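Let me begin by presenting the structure, written as structure tokens, before commenting on it.
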């Protein structure tokens with residue numbers, strides 16, 4: 001009887017070690033972590049200058065439009081941006097660090 005109990009304990013212990021090792025090397029967990037990182041990066045604003053006031057943007061005042069997050073300098077600009085995002089997005093340079101010159105705007 002003692003031998004059967006001993007063997008049962010060994011089998012359970014081996015199974016637990018195997019399950020733990022497999023869980024740590026699970027590629028789906030790694031993929032989930034990578035997806036989380038991507039999601040966090042997508043919430044980072046694409047611009048550093050407010051497209052409404054043309055002043056430095058506050059990364060805490062943001063609005064997501066068409067899957068991109070835009071930073072604005074204040075809540076007043078946020079309200080204007082929400083009313084016509086395309087108008088203000090078109091003002092931004094491709095890298096979001098400056099405003100296009102007047103003659104380039106439509």
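The values are calculated or read from the model by the stated rules, or taken from the named source; none is laboratory data. Predicted model only: the values in this text are computed from it and were never measured. Virtual Cβ from ideal backbone geometry, glycine too; neighbours counted across all protein chains shown.
Table: residues versus (1) within 27 Å of residue 95 (Cα to Cα); (2) at pLDDT 80 or above; (3) in a helix (DSSP H, G or I).
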position: 15; (1), (2), (3): no, no, yes
position: 19; (1), (2), (3): no, no, yes
position: 32; (1), (2), (3): no, no, yes
position: 41; (1), (2), (3): yes, no, yes
position: 47; (1), (2), (3): yes, yes, no
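Mind checking whether some residue in region 65-74 is surrounded by fewer than 10 Cβ atoms within 10 Å (Cβ to Cβ) and at pLDDT 90 or above? Yes, that holds for at least one residue. Taking the criterion of being assigned to a loop (DSSP other than H, G, I, E, B), more than 11 Å from residue 65 (Cα to Cα) and without any contact (Cβ under 8 Å) to a residue 40 or more places away in the chain, the residues of region 80-94 that qualify are 90, 93, 94.
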